[in-house]
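Trainee: Below are the structure tokens for one structure; questions will follow.
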Amino acid sequence: MAKLFMKGNEAVGEAAVRGGIRFFAGYPITPQSELPEYLSWRLPEVCGTFIQAESEVAAINMVYGAAATGARAMTGSSSPGISLKSEGISYLSAAELPAVIINVQRGGPGLGSIQPAQQDYLQATKAPGHGGFRMMVFAPNSIQEAVDLVYEAPEYADRDRSPVLVLMDGCLGTMMDEVELPPFKELPETICKPWTVGYDGTTRSGHLITPIYPEAGLEGKNKLAVARTKRWEENDVQVEEFMLDDAEWVIVAYGIASRVAKQAILNLRNKGVKVGMIRPITLFPFPKKSIAELDYSQVKGLIDIEMSIPALMREDIELQVLGRAPVYEYGRSGGVLLDDDSTEAAIWKIIEEASSNG
Amino acid sequence: MAEKIYTKPPCLLPLSSGFCPGCLHSLATKLIAESIDELGVAEKVINVLPVGCSTMNSLYWKLDMVTSAHGRAPAVATGVKRCRPDALVFAYQGDGDLASIGLSEVLMAANRGEHITIFFANNSTYGMTGGQMAPTTLIGQKSTTCVFGRDPDTTGFPIRMCELVKELEAPVYVARFALNSPANIRKAKKGIKKAMQNQIDGLGFSFVELLINCPTNWGMSPVQSIAYMEENTMKYFPCKVFVDKTEEEEK
Amino acid sequence: MNKPSYVINLCKSCGLCIHFCPTKALQFGEERNNKGHYYPIVDYAACVGCGTCAVVCPEAAIDMLKGEE
């Protein structure tokens with residue numbers, strides 16, 4: 001397959017189209033705008049629909065309407081825009097509607113900065129919207145991985161009839177890299193499904209797509225969602241484990257931060273430091289086993305490296321470590337980028353201080 | 001048994017609506033239902049419901065339905081119609097849903113000329129939540145959030161939605177009717193049916209505002225609420241056809 | 001002459017049909033429906049079969065029956 005040199009946002013747009021997305025509603029926001037720009041001309045080429053909505057709120061609700069008909073629908077934004085969509089995402093979850101959502105994170109909080117960051121981890125994995133629902137969250141650390149994950153995302157969304165989030169950042173969105181594009185998926189003849197609205201040519205379905213249920217019904221749905229989350233945790237965790245076998249120090253990092261950390265690890269390995277990495281690819285379900293089942297007789301400490309201050313993944317890590325080793329963190333935020341040298345120096349400093357304390 | 005020349009429209013379930021006695025939301029729903037059955041399109045309809053009293057219609061219609069977040073029905077309807085252009089997609093919204101939280105969505109859907117039909121029920125209050133002030137609450141009219149009567153110095157003036165929508169280029173039909181009398185009800189029925197026919201004919205965006213009552217939150221009997229509408233609501237919101245580009249095209 | 005026929009259990013006693021009936025042929029009866037609402041009784045002598053009641057009824061609780069020629 002030919003390799004192309006593409007910008008992250010555009011590669012993700014193409015991956016979505018090849019993955020079967022035929023409806024996109026979006027809104028301009030840096031550093032994500034090339035996604036709607038690309039799809040504005042690309043989707044019509046495949047008889048899809050692109051709409052620039054009047055706001056992120058309108059966009060997520062257009063996706064809600066499209067998903068109700070069975071169309072494969074997607075929206076994208078960046079941090080503040082995702083906050084605006086949170087009510088709609090909760091409605092998608094409660095109404096059991098499949099949808100793909102892309103967040104190209106930027107510095108925050110507030111208007112934040114248009115530079116890359118990873119400060120939406122908690123929003124993405126704990127409470128993408130009100131009501132305590134959970135959502136699968138994928139975190140690529142390269143443009144190729146972003147393409148692969150976005151290509152697969154509609155399958156998860158349809159399987160679970162749930163929104164799915166792909167959590168990127170400004171780096172992945174705007175940098176360019178080699179990428180191999182997957183083939184076009186075979187799409188079904190009709191978008192109609194047993195549960196969708198819209199006359200399917202035979203019986204009038206009389207279906208109702210709604211997040212509104214009588215109280216006991218809503219509770220029943222919540223219990224089903226808990227069972228589904230368990231299935232995610234058992235079957236759908238994706239994680240990369242790097243140089244863990246003899247590791248005395250374990251970095252935990254995802255997305256772009258994990259690439260910077262990997263470089264630091266290679267340099268430290270050359271200096272004889274036994275350091276490895278656990279890289280969550282699914283942030284939810286979180287790769288609990290990888291951390292819980294480390295050999296704590298060998299591991300002296302873990303270091304959570306993120307483009308966020310404070311490190312937002314830290315509590316999830318500590319929940320698995322359960323005090324069997326100290327957990328440290330290093331990060332930049334607000335749009336300030338991590339770089340190899342500072343990261344390597346920070347790891348070194350943590351290790352030195354830990355060993356000097358004896 | 002004698003032959004029925006009129007009965008409850010079949011696209012409504014044969015049970016009571018969720019509305020209060022004498023609520024003209026219910027009458028508006030009936031007129032829409034009659035239009036759907038007379039046009040023979042019930043199978044193709046996808047109704048987008050708002051958040052408000054008329055959300056209860058999700059238990060009353062025998063149609064495909066999608067309930068939307070508060071204020072977002074026009075956006076949801078846009079998504080539905082774009083993916084099912086063959087369907088007859090209409091949203092029915094109250095004044096809180098459409099003219100307050102959803103003002104941007106309805107004006108932008110209208111401005112894009114989405115091929116959908118929006119019915120806007122204006123009863124100058126938030127019925128479902130117990131009678132708070134709406135964007136269409138009249139000057140001096142009392143509500144639970146303007147207990148001494150609406151004061152324009154702090155809350156501005158009632159919004160005339162048809163007059164806003166008619167300024168946009170794309171809409172092909174913009175009209176306001178009142179459901180206060182048999183004659184006006186019949187006129188409204190014609191307007192409702194036309195607004196749906198426009199969509200069937202693929203002519204574009206239609207907007208129909210229906211002046212109705214809220215006996216419960218206005219604190220009156222249904223009959224008294226009709227008189228109130230005539231002496232107050234209908235004076236501030238003139239009933240007429242503001243835009244009808246469908247006639248010009250036929251000439 | 002056509003005649004109105006109440007679907008009794010759909011009536012909510014709102015009184016709009018009585019208010020708009022041009023010949024005052026409708027009055028609330030003594031009976032209540034299964035929801036406890038009083039429903040109108042038709043004075044078929046006064047009724048002219050114009051169907052106004054069916055038009056104004058918010059609940060579509062009034063059928064119109066075809067009159068014999």
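The values are calculated or read from the model by the stated rules, or taken from the named source; none is laboratory data. Only a predicted model underlies this, so the values are computations on that prediction, with no experimental measurement involved. Using ideal geometry, Cβ is built from the backbone for each residue, glycine included, and neighbour counts are taken over all protein chains shown.
Trainee: Do we have A:Val57 as touching a Leu at 6+ places or on another chain (Cβ under 7 Å), without any contact (Cβ under 8 Å) to a residue 60 or more places away in the chain and of a type in the set (A, V, I, L, M, F, W, C) here?
Mentor: When the stated conditions are applied, A:Val57 passes them.
Trainee: Shifting gears a bit: Just for segment C:58-69: of the residues that are more than 7 Å from chain B (Cβ to nearest Cβ) and in a loop (DSSP other than H, G, I, E, B), which one is nearest to the chain's Cα centre (by Cα)?
Mentor: My answer is C:Ala61.
Trainee: Looking at C:Gly29, C:Gly36 in this structure, which one is away from every other protein chain (no Cβ under 11 Å), of a type in the set (Gly, Ala, Ser) and either outside any loop (DSSP other than H, G, I, E, B) or touching a strand residue (DSSP E or B) at 6+ places or on another chain (Cβ under 9 Å) (or both)?
Mentor: Every option except C:Gly29 fails the conditions.
Trainee: Output the residue which, of all residues in segment A:317-358 that are acidic (Asp, Glu) and touching a residue at least 60 places away in the same chain (Cβ under 8 Å), is surrounded by the fewest Cβ atoms within 10 Å (Cβ to Cβ).
Mentor: Going through segment A:317-358, the residues acidic (Asp, Glu) turn out to be A:318, A:329, A:339-341, A:344, A:352-353.
Remaining after also requiring touching a residue at least 60 places away in the same chain (Cβ under 8 Å): A:339-340, A:344.
Numbers: A:Asp339: 13, A:Asp340: 15, A:Glu344: 20.
Only one residue fits best here, namely A:Asp339.
Trainee: Let me ask something additional. Report, by residue number, each residue of segment A:105-134 that is surrounded by 24 or more Cβ atoms within 10 Å (Cβ to Cβ) and part of a loop (DSSP other than H, G, I, E, B).
Mentor: Hits for segment A:105-134 are A:Gly107, A:Ala117, A:Gln118, A:Gln119, A:Asp120, A:Pro128.
Trainee: Among the residues in segment A:117-132, are any within 22 Å of A:Ala58 (Cβ to Cβ), among the β-branched types (Val, Ile, Thr) and in contact with a helix residue (DSSP H, G or I) (Cβ under 9 Å, 6 or more places away or on another chain)?
Mentor: no
Trainee: Hey, any hits in segment B:225-241 for a residue that's of a type in the set (A, V, I, L, M), away from every other protein chain (no Cβ under 14 Å) and without any contact (Cβ under 8 Å) to a residue 60 or more places away in the chain?
Mentor: Yes: segment B:225-241 contains one or more residues that are of a type in the set (A, V, I, L, M), away from every other protein chain (no Cβ under 14 Å) and without any contact (Cβ under 8 Å) to a residue 60 or more places away in the chain.
Trainee: Please go through (1) away from chain B (no Cβ under 14 Å); (2) surrounded by fewer than 24 Cβ atoms within 10 Å (Cβ to Cβ); (3) of a type in the set (A, V, I, L, M, F, W, C) for A:Phe50 and return the number of the only condition it doesn't satisfy.
Mentor: Just one mismatch for A:Phe50, condition (1).
Trainee: While we're on this one: Among the numbered conditions (1) among the polar types (S, T, N, Q); (2) in contact with a helix residue (DSSP H, G or I) (Cβ under 9 Å, 6 or more places away or on another chain); (3) at pLDDT below 95, tell me where A:Asn267 comes up short.
Mentor: (3)
Trainee: Please report, ordered by residue number, the helices (runs of 4 or more DSSP H) entirely within segment B:190-251 with at least 1 residues that are modelled with pLDDT of 95 or more and under 27 Å from B:Lys44 (Cα atoms).
Mentor: Numbers: elements: B:215-218, B:222-228, B:245-250.
Passing ranges, in order: B:245-250.
Trainee: Continuing with the same structure: Looking at this structure, is C:Val55 away from chain B (no Cβ under 11 Å) and among the aliphatic types (A, V, I, L, M)? Explain how you work it out, then say what you get.
Mentor: Numbers: away from chain B (no Cβ under 11 Å): no; among the aliphatic types (A, V, I, L, M): yes.
Taking the combined requirement at face value, the residue does not satisfy it.
Trainee: Right, another one. Give the residues of segment B:37-53 that are touching a residue at least 40 places away in the same chain (Cβ under 8 Å) and more than 13 Å from B:Leu12 (Cβ to Cβ), sorted by residue number.
Mentor: Residues of segment B:37-53 touching a residue at least 40 places away in the same chain (Cβ under 8 Å): B:38-39, B:41, B:44-53.
Those that are touching a residue at least 40 places away in the same chain (Cβ under 8 Å) and more than 13 Å from B:Leu12 (Cβ to Cβ): B:Glu38, B:Leu39, B:Val41, B:Lys44, B:Ile46, B:Val48, B:Leu49, B:Pro50, B:Val51, B:Gly52, B:Cys53.
Trainee: Please pick out the residue among A:Leu43, A:Leu97 that is within 14 Å of chain B (Cβ to nearest Cβ), in contact with a Phe, Trp or Tyr (Cβ under 7 Å, 6 or more places away or on another chain) and assigned to a helix (DSSP H, G or I).
Mentor: From the options A:Leu43, A:Leu97, the qualifying one is A:Leu43.
Trainee: If you don't mind, another one. Name every residue in segment A:51-87 that is within 10 Å of B:Val80 (Cα to Cα), among the hydroxyl-bearing types (Ser, Thr, Tyr) and part of a helix (DSSP H, G or I), in order of residue number.
Mentor: Correct list: A:Tyr64 only.
Trainee: Please go through (1) of a type in the set (A, V, I, L, M, F, W, C); (2) under 22 Å from A:Leu172 (Cα atoms); (3) within 14 Å of chain B (Cβ to nearest Cβ); (4) surrounded by fewer than 24 Cβ atoms within 10 Å (Cβ to Cβ) for A:Phe24 and return the number of the only condition it doesn't satisfy.
Mentor: (4)
Trainee: Still on this structure, I have one more. If you scan segment A:200-243, which residues turn out to be within 14 Å of chain B (Cβ to nearest Cβ), part of a helix (DSSP H, G or I) and not hydrophobic (A, V, I, L, M, F, W, C)? Talk me through it step by step, then tell me what you get.
Mentor: First pass over segment A:200-243, keeping only residues within 14 Å of chain B (Cβ to nearest Cβ): A:200-214, A:217-218.
Of the ones still in play, those that are also part of a helix (DSSP H, G or I) are A:217-218.
Listed by number, the list holds a single entry, A:Gly217.
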